[in-house]
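Read through the structure below, which is laid out as structure tokens, and then see the notes.
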2 protein chains.
Amino acid sequence: MFSKTTEYALRATIYIARKSSEEHKLGIDEIAKAINSPKSFTAKILQKLTANNGIISSVRGPGGGFYLSSKAQKRPVRDILHVMEEDGVLGKCVLGLKKCSEAMPCPMHAEYKGIKQQLIQLFEHTTIQQLAHDADKIIPSNKPARH
Amino acid sequence: MFSKTTEYALRATIYIARKSSEEHKLGIDEIAKAINSPKSFTAKILQKLTANNGIISSVRGPGGGFYLSSKAQKRPVRDILHVMEEDGVLGKCVLGLKKCSEAMPCPMHAEYKGIKQQLIQLFEHTTIQQLAHDADKIIPSNKPARH
DNA sequence: AAAATAAAGGATATTTTTGTCCTTAATTAT
DNA sequence: ATAATTAAGGACAAAAATATCCTTTATTTT
């Protein structure tokens with residue numbers, strides 16, 4: 001469905017959401033190892049997600065690393081796809097036609113329409129936080145409970 | 001969702017289903033033009049779909065070309081994906097995890113599960129013929145009516 | 001038999017995606 | 001100030017996907 005690049009982006013962001021906070025940032029080594037992705041390549045992806053007040057926050061130097069602000073946590077997963085310039089795949093025609101619409105439908109349009117809508121809804125309505133929380137219900141993270 | 005190769009495979013097969021018969025075969029030039037794909041590349045794809053009693057039938061020489069047997073018409077669209085070795089994408093984990101299951105779910109598993117099932121069902125239950133017929137309802141082909 | 005037609009197949013080229021490595025910049029601790 | 005740490009960024013490499021071209025084989029027509 002998505003490119004490896006986007007898969008890494010999703011996995012990394014969700015991992016950071018689960019395990020980090022502004023007080024406890026994560027290094028690229030830990031992240032890449034945890035999500036099983038090539039380190040330098042993942043670094044590039046995080047750079048992209050970090051650029052111009054993006055989804056992920058980062059700080060350089062000792063004690064630095066990546067984390068997700070609580071505001072970012074509430075953003076829809078689709079925002080990750082958008083930064084990776086792959087949110088297009090959600091609405092794309094299954095047969096790859098550039099002009100495929102209600103007025104000019106491809107042969108699969110009617111059959112695929114409903115699924116496409118659900119896909120868009122899923123990524124639009126699901127927040128990063130929700131996924132992080134879901135994951136924590138199954139495999140609890142080591143993120144310290146706040147009190 | 002799919003690679004260009006698979007998109008061309010789907011478009012070409014559906015086009016052939018609509019416009020060809022054993023008595024009226026189609027040449028690669030017509031097909032590539034009609035589905036808006038690079039000719040030689042499409043030829044390779046058709047080769048693959050034709051190989052060892054595959055989905056598409058072909059005959060060389062004058063009057064030759066590609067066509068779909070009525071038996072092939074009744075095959076599910078998933079068979080095209082299978083030949084293109086891309087049927088895996090339907091069941092694949094959205095986050096690209098190799099081990100993602102009910103027992104070891106990825107963070108999106110629960111949310112995506114239903115959509116994945118629908119996707120699989122769609123490609124399994126829809127036949128090439130159905131799509132060709134759907135398309136004909138909108139843009140009638142020039143396929144001569146049989147009587 | 002020869003010529004013409006059309007797919008099959010091999011070799012190669014181009015582009016995109018994926019991945020690595022090294023240097024630079026920022027920040028902190030000594 | 002200096003050294004250590006960590007992300008940012010540029011240049012390059014490898015692999016995969018996409019695309020083109022040319023030759024061969026099968027078939028039909030002349």
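The values are calculated or read from the model by the stated rules, or taken from the named source; none is laboratory data. All values reported here derive from a predicted model rather than from experimental measurement. Neighbour counts are summed over all protein chains in view; Cβ atoms, including those assigned to glycine, are modelled from backbone coordinates with ideal geometry.
Is it the case, given these coordinates, that residue B:58 is in contact with a helix residue (DSSP H, G or I) (Cβ under 8 Å, 6 or more places away or on another chain), of a type in the set (S, T, N, Q) and more than 14 Å from every other protein chain (Cβ to nearest Cβ)?
On the way: in contact with a helix residue (DSSP H, G or I) (Cβ under 8 Å, 6 or more places away or on another chain): yes; of a type in the set (S, T, N, Q): yes; more than 14 Å from every other protein chain (Cβ to nearest Cβ): yes.
Judged against the criteria, residue B:58 is a match.
Residues are listed down the side, and each one gets a yes or a no for (1) within 14 Å of chain A (Cβ to nearest Cβ); (2) crowded, with 16+ Cβ neighbours inside 10 Å; (3) more than 12 Å from DNA strand D (Cβ to nearest atom); (4) within 23 Å of residue A:111 (Cα to Cα):
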| position | (1), (2), (3), (4) |
| --- | --- |
| B:37 | yes, yes, no, no |
| B:49 | no, yes, yes, no |
| B:67 | no, yes, yes, no |
| B:78 | yes, yes, yes, yes |
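Confirm whether residue A:101 is among the hydroxyl-bearing types (Ser, Thr, Tyr) and over 30 Å from residue B:133 (Cα atoms). Spelling it out, it is not the case that residue A:101 is among the hydroxyl-bearing types (Ser, Thr, Tyr) and over 30 Å from residue B:133 (Cα atoms). Yes or no: residue A:102 within 13 Å of chain B (Cβ to nearest Cβ) and more than 16 Å from DNA strand D (Cβ to nearest atom)? Here the answer is yes, as residue A:102 does meet what is asked.
Can you tell me which of A:124, A:85, A:111 is touching a strand residue (DSSP E or B) at 6+ places or on another chain (Cβ under 7 Å) and either on the phi > 0 side of the Ramachandran plot or within 14 Å of another protein chain (Cβ to nearest Cβ) (or both)?
Working: A:85 fails: touching a strand residue (DSSP E or B) at 6+ places or on another chain (Cβ under 7 Å); A:111 fails: touching a strand residue (DSSP E or B) at 6+ places or on another chain (Cβ under 7 Å).
After applying the criteria, what remains is A:124.
For segment B:34-45, check the following and say yes or no: at least one residue is modelled with pLDDT of 95 or more, basic (Lys, Arg) and either more than 14 Å from DNA strand C (Cβ to nearest atom) or more than 14 Å from the chain's Cα centre (by Cα) (or both). So far as segment B:34-45 goes, yes, one or more of its residues are modelled with pLDDT of 95 or more, basic (Lys, Arg) and either more than 14 Å from DNA strand C (Cβ to nearest atom) or more than 14 Å from the chain's Cα centre (by Cα) (or both).
Among the residues that make up segment B:114-129, is at least one of them in contact with a helix residue (DSSP H, G or I) (Cβ under 9 Å, 6 or more places away or on another chain) and more than 20 Å from residue A:114 (Cβ to Cβ)? Yes, there is a match, as at least one residue in segment B:114-129 is in contact with a helix residue (DSSP H, G or I) (Cβ under 9 Å, 6 or more places away or on another chain) and more than 20 Å from residue A:114 (Cβ to Cβ). When restricted to residues that are surrounded by fewer than 16 Cβ atoms within 10 Å (Cβ to Cβ), β-branched (Val, Ile, Thr) and part of a loop (DSSP other than H, G, I, E, B), segment B:51-65 contains 0. Criterion applied to A:43, A:72 was being within 16 Å of DNA strand D (Cβ to nearest atom), in contact with an Asp or Glu (Cβ under 9 Å, 6 or more places away or on another chain) and more than 14 Å from every other protein chain (Cβ to nearest Cβ), and the one residue passing it is A:72. What are the residues in segment B:88-97 that are facing chain A (nearest Cβ under 9 Å) and of a type in the set (Gly, Ala, Ser), if any? Selection gives B:96 alone. Might you check whether a residue that is away from chain B (no Cβ under 14 Å), within 11 Å of DNA strand C (Cβ to nearest atom), modelled with pLDDT of 95 or more and not in a loop (DSSP other than H, G, I, E, B) occurs anywhere in segment A:12-31? The answer is yes; a qualifying residue exists. Could we say that residue B:16 is within 21 Å of residue B:136 (Cα to Cα), in contact with a Leu (Cβ under 8 Å, 6 or more places away or on another chain), among the β-branched types (Val, Ile, Thr) and surrounded by 13 or more Cβ atoms within 10 Å (Cβ to Cβ) here? Yes; evaluated as a whole, the condition is true for this residue.
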